[in-house]
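One structure coming up, written as structure tokens, with questions to follow.
The values are calculated or read from the model by the stated rules, or taken from the named source; none is laboratory data. The shown structure was predicted, so the numbers you read here are calculated from the model rather than taken from an experiment. Neighbour counts are summed over all protein chains in view; Cβ atoms, including those assigned to glycine, are modelled from backbone coordinates with ideal geometry. In case anyone asks, the SASA skips ligands and DNA or RNA and just uses the protein heavy atoms, side chains included. Shrake-Rupley method; radii C 1.70, N 1.55, O 1.52, S 1.80 Å.
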Amino acid sequence: EIEYADVSNGTLVSNAFTANSAPSSAVIGLQTVESGYCTPNTDFTAEVSRDGGTTFTACTLAIKSTLGASNTKYYESAATDISSQPSGTSIKYRIKTLNNKDIQVHGVALKWS
């Protein structure tokens, strides 16, 4: 979990979370504040790893809600299949910001099964 990160063309990698068993799917959500128009999966991406960060799988993000006055947005992926990764219980997420967009990440939620 993070409170705030202002990342321009950068990569944010979480600390590891420990699952009870090797998960086969994951869902990730991001709360962002964007200066200008940003396209999820193009200007920023989210990925999940179950092997401690050696192998990542991209999660397709979709907008779920917007708070217009503050330009705060919440994006979430559908359940993403991570079963083809090497088996493991050390779960990490990775957020990348691209294309010189000003994107502030205010929070990340991650669940797996």
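Run the quick spin-label model on residue 18 and residue 111: label points 7 Å from Cα toward the beta carbon, then report their separation in nm to one decimal.
Taking the simple label geometry, residue 18 and residue 111 are separated by 2.3 nm.
Additional query: Could you calculate the FRET efficiency of residue 11 with residue 87 from 1/(1 + (r/R0)^6), where r is the beta carbon distance between them and R0 is 22 Å, rounded to 0.05? Don't jump to the answer; show the numbers that get you there.
Details: r = 24 Å, r/R0 = 1.11.
Computed FRET efficiency for residue 11 and residue 87 comes out at 0.35.
Could you calculate the contour length gain from residue 78 to residue 41, that is, 0.36 nm times the residue separation minus the distance between their Cα atoms, to one decimal place in nm?
Full-extension gain reported as 12.0 nm.
Taking the Cβ-Cβ separation of residue 25 and residue 70 as r and a Förster radius of 35 Å, what is the calculated FRET efficiency to the nearest 0.05?
The value I calculate is 0.65.
About the Cα centre, and with charges only on the beta carbon of Lys, Arg (+1) and Asp, Glu (-1), how big is the dipole of the chain? Nearest 20 debye, please.
That gives a dipole near 160 debye.
Do you know the relative contact order of the chain, to the nearest whole percent, from alpha carbon pairs under 8 angstrom that are 6+ apart?
48 percent
Moving on to the next point. Just want the answer: with Cβ charges of +1 for Lys and Arg and -1 for Asp and Glu, which residue in 42, 67, 21 is farthest toward the dipole's positive end in the chain?
My answer, from the dipole projection, is 21.
How large a share of the accessible area of the chain, in percent, is made up of carbon and sulfur atoms when the probe is 1.4 Å and the other protein chains stay in place?
For the chain, the apolar C and S fraction of the accessible surface comes to 47 percent.
If exposed means no more than 15 neighbouring beta carbons inside 10 Å and the site is in a DSSP loop, what's the longest run of the chain without any exposed GluC sites (Glu not before Pro)?
4-113
While we're looking at this one, here's another question. What's the longest bit of the chain with no exposed chymotrypsin sites (Phe, Trp or Tyr not before Pro), using DSSP loop states and at most 15 other Cβ atoms within 10 Å as the test? Each step should come with its number before you reach the end.
Working: sites that count: 4, 37.
Answer - 38-113.
Here is a further query. Could you provide, to the nearest whole Å², the per residue accessible area of the chain with probe 1.4 Å?
Averaged over the residues of the chain, the accessible area is 51 Å².
Between the range 30-54 and the range 68-83, what is the separation of their alpha carbon centroids in Å?
Rounded to whole Å, the Cα centres lie 9 Å apart.
Counting Lys +1, Arg +1, Asp -1, Glu -1, what net charge surrounds residue 92 among other residues with beta carbon under 10 Å of its beta carbon? Display every interim value, and only then the final one.
Values: positive: 50, 94; negative: 47, 51.
So the environment of residue 92 carries a net charge of 0.
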